[in-house]
Each structure stands twice: as C-alpha cells, then as structure tokens.
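Colleague: Sharing a structure below in structure tokens format, with a few things to ask.
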Amino acid sequence: MLKTRATTTSFVLPGVLFSVTLLLGGCAATGDKDTAEDPEEQEARTTEAADTSADDRDTSSEETTEHTPEIRDSAPERYVVQKGDTLWDISAMYLEEPWYWPEIWAVNPDIENPHLIYPGDVLSIYYVDGEPRITVDAGPRVRPTKRLSPEVRIEELEDDTPPISTLQSFMFQPRVLDEETLDKAPYILAADDDRVIFGPGDRVYARNAEDTEEYEIYHIVRRDEMLIDPDTGEELGVATIPVGEAEIVEPGHVARVNIRRGEREAVRGDRLVPFTDEQDMLFDIGRPPEDIDGKVIKLFDAITQIGRHQAAVINRGERDGVENGHVFAAFTHGRTVRDPVAGTNEEVDLPEERAGEVMVFKTFEKVSYVLMTESERTLREGYTVRHP
C-alpha cells in the first residue's frame, strides 16, 4: 500500500519565516516480503522518489539520474536584497524550482549567520564544476576587499613639511615661568597616606593655595632649570616639565586637590600653576623672517641629542618675531680641529652641516619650543637654527 508523508522545509529572513511543504512518496512498513517486492509497488515507489528532493530520493534497484537545479534565464547575475524581500521570492527569481535553494546556497566565511539574508546583501551567481552557486559577495556585512595590481603613482607635494595633523600627537603644553611666579605657586605637600608618587584619581593636599577657588583647574609642573642665552648670558625663564592636571576640591592654606590627568607621576613639591587654554593647533606653517637666527639651548626629555619628532628649546621668542608654525633649518656647529700636516699644528674650523628642520609649536616672550620634523642627523645643544 502506498502512503505519503509531508516534509516541511523552513527558510528564515529577518522578520519572515515561511515553509514549503513537499509531499514525499514512501512505502508503508506493513506487509510481508512478497508484498514489498511486488513489481508494481516498486515501480510506483521509484516514480514517487523521482519527484522528491535529493535528500529524500529512494535508493531502489532502478538507477535514477541526479537532478541539477536550473537557473532561470531571467535570473540577474547580481541582486541587492531589498527591504520586504522574502527568501521564497528570491529563490523563485533565480530558480525554476525554488525549493532547490539550499543546494545552491554557498556559505560566505565573512557572514556570521549564513542562514539569514539581510537588506543590502549583494547576491551573485557563479559556477563550480558546472553547477550553479549563489553567495553573498558584497553588502554591509561583508568586509570590503580591494584587488591590487602593480602600479606607479606620482603625487606632487605642496610642501615638504608634514601637516599639523600628523604632528599633534608629539606636541605638549610646555610652560616657561619666571622665578617669582614659580616660587609663589601652590605645591603638592602630601597625600592622605605615606605614598611618595601620585597619579590620576588620587587625592592630594597642596600648600599655599589660599587664593584658589573651588573646581578651579591647574597645571601640575615640575621645575627643570633656568634657561640662559648662550650669546648674551641673559636669563630667559625657568623651564618646567609638564606633569598633569589637578582640580581644587576645597581651597585653603592646605587645599584638597584631585589629580585629573597625568603625563607622568606627580611627586611632593610639584607646583600648581593656573590652567591655560589648550594651544591653537590650527596655525599655518611658514618660514621665519630671514634675519632671525638662534641656537638650541635645551633638549626636552633627552640628555645629549634628539631625533625626529622630539622637542627642544631655542633662544628666540615672541619678542624676536617668532610665531607658531615657523620652520627653521638646523645646522651643526663646525668642530675645531688641529691640522696634523701644517707645521704649526694649526687649528681649523670645520664647516657646519645641515642637521634637519625644526618647527615652532609653542612660543614665549624670550624662547620657543620646537619639534624636529626632518632629521638628517641628531640635534644637539648649541646647534644653530635659521631661515631655511
């Protein structure tokens, strides 16, 4: 006796779940061996099995031909899934028999859930050993790819100096103060425990803070050294090392202070100086007046020499006409050597050599901080800077 069974295939689309019910032929499990081997029943069973999907075909003694899903002539090579599309609509667009969709659907390794299709997915047809496949090869869920081939690009640069945006991460907020201002500034006295170093989030106490106000922001700085002009001997100001930022919680002779940000560890004795607005990073890059030349008088965070993207101080400032963005060429000071050939062991000054370029990023009245933007050799104290 011939019976039928219903098989339901489900497809999922965001917000859409639909099923296709296929009637599959099958033979009842009743009757004796002679009945099961009846030629008419065997022929009927084979006929029913030929109409089912590949997974449910009967493996009878009669040989059946494997079915290959047929792509419609009108099927697009590429299709962008639209909002409201159902998987059945898409299957019918591509296939003569839409229920064969699972057999031609190829999994894209970039897709986290290959069982779902989303608006914006780009479907494409390709063939493997003559059999059709459909895959998602573009859309918002697929990582973009670019096919590269050898090529030569020629681009003309307007200026050899890097743009400010590429240098901002190397700039900082230096402070040069006079002795009196630094001596009168509040300073970190201690914390509420015995620690000797402090960082962001720590509560500390500052002395000489009577004139501060609640919630006022201060720079934390550390005294470095007095800057001296090597040519005139003039005192140009006290260089400081930036440490971080602090907020006054409760003013007083001994004030409560919170450390908000730290570039390095704060220690007892570090000074609090009034907060200044962040420096303007939108200045234009240009050349200084031709008659300005100066010398490197200090290296920042270095002992004997610096390289590209490190900072130094020069003995020229606002009073000399120096502005943020001015670019100077830096030169070595030619060494003096003795001539071993000359009978008098004569001293000879060697010519200076170009060391690179430096750009001013913070000016004060008498000095400026510069960043080395081009390096042909290391920069040292005493090197000359002038119009490039």
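Colleague: Could you please find all residues in segment 240-278 being of a type in the set (A, V, I, L, M, F, W, C) and out of contact with any Ser or Thr (no Cβ under 7 Å at 6 or more places or on another chain)?
Modeller: 241, 243, 246, 249, 254, 257, 259, 266, 267, 272, 273, 275
Colleague: Just for segment 350-387: of the residues that are aromatic (Phe, Trp, Tyr) and in contact with a Leu (Cβ under 9 Å, 6 or more places away or on another chain), which one is surrounded by the fewest Cβ atoms within 10 Å (Cβ to Cβ)?
Modeller: It comes out as 364.
Colleague: Condition (residue is of a type in the set (Gly, Ala, Ser) and modelled with pLDDT under 90) applied to segment 280-301: is it met by at least one residue?
Modeller: Within segment 280-301 (the criterion being of a type in the set (Gly, Ala, Ser) and modelled with pLDDT under 90), the answer is yes, since at least one residue qualifies.
Colleague: Just name the residue that is surrounded by the most Cβ atoms within 10 Å (Cβ to Cβ) out of those in segment 242-270 that are within 28 Å of residue 170 (Cβ to Cβ) and hydrophobic (A, V, I, L, M, F, W, C).
Modeller: My answer is 246.
Colleague: Select, from 329, 342, the only residue that is free of Cβ contacts under 8 Å to residues at least 12 places away in the same chain and surrounded by fewer than 19 Cβ atoms within 10 Å (Cβ to Cβ).
Modeller: 342
Colleague: In addition: As an exercise: evaluate residue 324 against (1) more than 18 Å from residue 388 (Cα to Cα); (2) surrounded by 15 or more Cβ atoms within 10 Å (Cβ to Cβ); (3) under 32 Å from the mean Cα position of the chain (by Cα) and give the number of the one condition it does not meet.
Modeller: Against the list (1) more than 18 Å from residue 388 (Cα to Cα); (2) surrounded by 15 or more Cβ atoms within 10 Å (Cβ to Cβ); (3) under 32 Å from the mean Cα position of the chain (by Cα), residue 324 comes up short only on (1).
Colleague: Is it true that some residue in segment 289-297 is exposed (fewer than 13 other Cβ atoms within 10 Å of the Cβ), more than 18 Å from residue 239 (Cβ to Cβ), in contact (Cβ under 8 Å) with a residue 40 or more places away in the chain and not acidic (Asp, Glu)?
Modeller: Yes, because at least one residue in segment 289-297 is exposed (fewer than 13 other Cβ atoms within 10 Å of the Cβ), more than 18 Å from residue 239 (Cβ to Cβ), in contact (Cβ under 8 Å) with a residue 40 or more places away in the chain and not acidic (Asp, Glu).
Colleague: If I go through segment 204-241 residue by residue, how many of them are buried (at least 18 other Cβ atoms within 10 Å of the Cβ) and of a type in the set (S, T, N, Q)?
Modeller: Summing the residues that are buried (at least 18 other Cβ atoms within 10 Å of the Cβ) and of a type in the set (S, T, N, Q) in segment 204-241 gives 2.
The values are calculated or read from the model by the stated rules, or taken from the named source; none is laboratory data. Computed from a predicted model, the values in this text were never measured in an experiment. All Cβ positions, even for glycine, are placed from backbone atoms using ideal geometry, and neighbour counts span all protein chains on display.
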